[in-house]
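A short worksheet on the structure shown next.
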Protein chains: 2
Amino acid sequence: MARRAAVNVWCLGSRAVSLLYGSSFRPLHTSVCNASSKPKAGFKPEKVAVVTKTTRYEFEQQRYRYAGLSEEDLKQLLAMKGSSYSGLLERHNIHTNNVEHIVKSLRKEGIDVRVVKRGEYNEEVVRWANAIISAGGDGTMLLVASKVLSKDKPVVGVNTDPERSEGHLCLPVRYTRAFPEALDKLCRGEFRWLWRQRIRLHLEGTGINPTPVDLHEQQLSLEQHSQAHRITTMDSQRRTGNLQESFTKPSLLPIRSLNEIFIGESLSSRVKLKSFNPHVKLLLHRASYYEISVDDGPWEKQKSSGLSICTGTGSKAWSYNINKLAEQAVEEVLKIGKSQSGLDIPLNQEFIEKVTEKYNESLVFSPDDSRLFYSIREPIVNRVFSSSRQRGFASKVCVRSRCWDACMVVDGGTSFEFNDGAIATISMSEEDQLRTVVLDN
Amino acid sequence: MARRAAVNVWCLGSRAVSLLYGSSFRPLHTSVCNASSKPKAGFKPEKVAVVTKTTRYEFEQQRYRYAGLSEEDLKQLLAMKGSSYSGLLERHNIHTNNVEHIVKSLRKEGIDVRVVKRGEYNEEVVRWANAIISAGGDGTMLLVASKVLSKDKPVVGVNTDPERSEGHLCLPVRYTRAFPEALDKLCRGEFRWLWRQRIRLHLEGTGINPTPVDLHEQQLSLEQHSQAHRITTMDSQRRTGNLQESFTKPSLLPIRSLNEIFIGESLSSRVKLKSFNPHVKLLLHRASYYEISVDDGPWEKQKSSGLSICTGTGSKAWSYNINKLAEQAVEEVLKIGKSQSGLDIPLNQEFIEKVTEKYNESLVFSPDDSRLFYSIREPIVNRVFSSSRQRGFASKVCVRSRCWDACMVVDGGTSFEFNDGAIATISMSEEDQLRTVVLDN
């Protein structure tokens with residue numbers, strides 16, 4: 001009952017809800033309600049692609065492949081590092097078994113299934129499938145979503161290692177070993193669609209050069225990529241006599257972000273080394289310099305360790321970790337508040353926990369909310385730089401890079417060069433939504 | 001008067017002071033007093049090395065050198081990126097003029113001066129000099145300190161671009177253009193020594209291999225370095241029949257950290273790309289997994305975006321930015337505290353500012369304090385991971401890496417591979433102190 005009322009309230013629109021709740025900064029917790037819709041009929045796709053993650057075990061195998069290690073060698077190497085070979089193998093098997101369970105369940109219903117490894121997943125698979133299942137953790141779900149640009153193609157996440165993976169983008173964990181139940185509910189329409197809003201990205205001013213630089217050589221360093229790109233850019237510009245050309249047109253990038261865009265200096269600026277010690281790498285870890293304009297407001301120069309712009313979905317991810325407070329910090333604030341005000345503010349464990357919980361809850365908002373949430377991570381405020389709000393909601397955020405070697409990281413997995421002079425426009429559009437499923441627990 | 005009393009109190013030892021101030025978590029602000037000592041006589045070194053920073057202008061020149069750009073080309077390129085060529089040149093000239101001023105002042109006193117660029121600064125220069133002056137910003141000071149391993153060699157920082165650089169490790173900004181005054185005070189003993197405590201680092205278990213891997217090829221990617229190192233390690237181990245050898249002995253690294261050690265996943269793990277777009281680099285931005293033991297306490301598994309362990313000097317640097325709170329956050333905590341407790345907690349701007357100020361001040365402690373301060377940056381607490389204290393003081397911190405491709409960054413400038421199985425022991429020793437100068441403002 002309460003939930004239906006909440007859904008109705010939500011359908012008034014998030015602004016009305018905000019008014020009801022008093023503060024535009026205190027959005028509803030995601031689990032209270034989602035503006036989603038009941039399907040008109042059951043959902044039974046004919047063709048389903050199951051995209052599987054790479055397990056840690058597979059990663060370690062591949063990692064040492066160049067050294068021609070035997071399985072026994074690998075075992076020993078991992079043991080020496082304090083890792084457990086048998087532990088990794090066990091998790092790998094759990095994942096593999098869970099994938100088999102999903103695939104069997106689908107085929108039993110006469111569904112045409114393609115199992116696709118992470119590395120083989122591409123636009124062709126997306127076109128072929130009526131629906132896509134992500135079999136892994138949240139990372140796999142982000143990868144799967146990244147190639148789905150239509151708002152009509154449903155994506156479902158199944159957490160194949162519930163003990164290790166948080167899986168907040170996935171179905172409730174009980175469906176991992178009871179997948180036929182999930183299928184059954186989908187079939188009978190006992191679920192809701194949730195259209196998760198995503199972020200789109202326009203970039204300009206950084207010489208996005210149509211002349212491709214060969215990236216198939218995976219061993220190019222970041223610096224080599226940059227250098228190779230610049231030479232190509234300047235050569236082609238000299239030839240066409242068009243030095244200004246690539247700097248003026250904003251390009252809409254062919255990606256959509258489900259969680260967040262993070263902008264920051266790369267750790268991998270390299271400087272020529274004159275060191276005898278093989279392990280010493282000179283990395284320049286710098287603060288990020290940029291200018292930011294929120295909702296077409298005035299440009300503000302900032303220095304920080306990075307800038308995060310997230311969706312409602314992403315408000316439970318990296319952005320949450322950037323902004324949440326530990327009980328220890330909340331306790332300290334209340335202690336100082338007590339001593340400064342002379343009031344008898346409670347400082348017992350229960351009260352601290354409560355305040356901390358409410359503070360952290362207020363950082364989360366609904367996946368179908370059409371607002372962005374920006375946070376400045378570790379702002380550097382000193383004689384030289386200042387900043388106003390450290391975080392807030394917006395419809396549009398523009399960022400101009402003043403960084404030496406920075407990147408814009410999308411959903412923690414893909415990155416774009418974002419150096420001095422580049423301008424990013426970050427916004428949302430309804431057509432970018434991702435169609436996902438909500439099953440009752 | 002007040003200051004002398006404070007100095008006397010401090011000389012009781014930081015623990016006594018903590019008792020006086022009520023909480024061991026609320027250390028004194030650095031500027032109140034330092035346990036430093038008045039020199040017995042004036043300080044007049046015969047030989048002084050002046051180590052200069054690389055300006056942004058010099059960096060940009062070098063960066064585009066491969067492309068054979070003329071000065072006019074460079075100007076145009078910078079203009080297109082929205083950077084100001086003339087601005088960079090101006091800052092470069094300010095720095096250069098300030099360096100000249102310092103050098104002239106020294107030579108006028110009959111001091112033998114060597115001016116050394118950042119890239120040329122090495123152990124030989126340190127041995128030659130009686131004292132070293134860092135001419136740049138805090139970054140240059142960190143570099144200078146990094147090669148001074150003795151506690152007897154004085155290091156003085158001069159901020160050569162006070163408008164752009166915070167310079168908190170440098171002399172007060174007024175001495176930049178009035179350097180003879182500083183020299184004069186040094187000569188007459190009108191200053192105090194400040195021995196800044198530094199961090200030492202033992203590493204074990206990660207195959208610190210004496211067989212050097214050629215690093216003079218600056219274009220090796222992080223992955224290539226790792227791979228090359230592993231092949232060498234395993235080959236040499238196979239030859240000597242000694243697979244266990246390099247994993248058992250903790251090595252004391254020949255570096256001392258003046259600000260902090262930061263441990264975290266590198267952004268630069270690379271995966272094979274199958275992308276047509278030259279700008280898309282697949283970077284895996286991961287959380288850092290590790291285990292931590294504080295003061296020989298129980299090991300605790302953690303997941304976070306990194307771990308910082310700082311000195312008193314460093315408590316005003318990166319650690320400060322990790323831990324400080326914005327007024328917006330403090331206001332929100334107090335709002336929730338008010339609504340949860342029913343008390344009339346003030347929420348006016350002045351009160352919020354006061355509480356925020358006191359909170360942030362409590363994060364700073366004295367450079368000669370022999371304690372470490374550890375902070376877990378953005379701890380990830382969920383079904384899978386938990387953590388107790390998010391930060392605190394310690395004498396010793398041990399960290400065991402569970403990371404895939406992480407590094408330990410020293411003072412934001414040097415890094416060490418710190419992958420799965422490696423164990424770092426972080427501690428302090430009096431012999432590692434750095435001798436610096438405090439001049440009254």
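In table form, for the structure just shown:
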item	result
Residue in segment A:136-152 that is surrounded by fewer than 23 Cβ atoms within 10 Å (Cβ to Cβ), in contact with an Asp or Glu (Cβ under 7 Å, 6 or more places away or on another chain) and among the hydrophobic types (A, V, I, L, M, F, W, C) present	no
Evaluation of B:P367 against (1) without any contact (Cβ under 8 Å) to a residue 24 or more places away in the chain; (2) crowded, with 17+ Cβ neighbours inside 10 Å (one fails), failing number	(1)
Number of the exception - B:Y289 against (1) crowded, with 23+ Cβ neighbours inside 10 Å; (2) touching a residue at least 24 places away in the same chain (Cβ under 8 Å)	(1)
B:G139 being among the small types (G, A, S), within 13 Å of another protein chain (Cβ to nearest Cβ), more than 17 Å from the chain's Cα centre (by Cα) and assigned to a helix (DSSP H, G or I)	no
Number of positions in segment B:62-112 that are in a helix (DSSP H, G or I), among the polar types (S, T, N, Q) and within 14 Å of chain A (Cβ to nearest Cβ)	2
Tally of residues being within 27 Å of the chain's Cα centre (by Cα) and touching a residue at least 12 places away in the same chain (Cβ under 8 Å) across segment B:344-361	4
Conditions (1) in contact with a Gly (Cβ under 6 Å, 6 or more places away or on another chain); (2) farther than 19 Å from B:S288 by Cα; (3) touching a residue at least 24 places away in the same chain (Cβ under 8 Å): number failed by B:L334	(3)
Helices (runs of 4 or more DSSP H) enclosed by segment B:290-384 - at least 3 residues per element that are more than 10 Å from chain A (Cβ to nearest Cβ)	B:349-361
Residue among A:S427, A:S386 that is among the hydroxyl-bearing types (S, T, Y), at pLDDT 95 or above and out of contact with any helix residue (DSSP H, G or I) (no Cβ under 7 Å at 6 or more places or on another chain)	A:S427
Set A:S429, A:S366, A:S362: member being of a type in the set (S, T, N, Q) and under 25 Å from A:L203 (Cα atoms)	A:S429
So B:K354, is it among the charged types (D, E, K, R) and at pLDDT 95 or above	yes
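For (1) farther than 29 Å from B:K185 by Cβ; (2) at pLDDT 65 or above; (3) out of contact with any Gly (no Cβ under 6 Å at 6 or more places or on another chain), each residue gets a yes or a no:
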| residue | (1), (2), (3) |
| --- | --- |
| B:A5 | no, no, yes |
| B:S31 | no, no, yes |
| B:S37 | no, yes, yes |
| B:K40 | no, yes, yes |
| B:Y57 | yes, yes, yes |
| B:Q62 | yes, yes, yes |
| B:A79 | yes, yes, yes |
| B:G87 | yes, yes, yes |
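The rows are residues; the columns are (1) of a type outside the set (V, I, T); (2) surrounded by 17 or more Cβ atoms within 10 Å (Cβ to Cβ); (3) out of contact with any His (no Cβ under 8 Å at 6 or more places or on another chain).
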position	(1), (2), (3)
A:Q340	yes, no, yes
A:N348	yes, no, yes
A:E378	yes, yes, yes
A:M408	yes, yes, yes
A:T414	no, yes, yes
A:D420	yes, yes, yes
A:M428	yes, yes, yes
A:E431	yes, no, yes
A:V438	no, no, yes
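Conditions tested, residue by residue: (1) in contact with a Leu (Cβ under 7 Å, 6 or more places away or on another chain); (2) hydrophobic (A, V, I, L, M, F, W, C).
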position	(1), (2)
A:A129	no, yes
A:I133	no, yes
A:G139	no, no
A:L149	no, yes
A:D152	no, no
A:V155	yes, yes
A:P162	no, no
A:E166	no, no
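The values are calculated or read from the model by the stated rules, or taken from the named source; none is laboratory data. Computed from a predicted model, the values in this text were never measured in an experiment. Backbone-built Cβ (ideal geometry, glycine too); neighbour counts: all protein chains shown.
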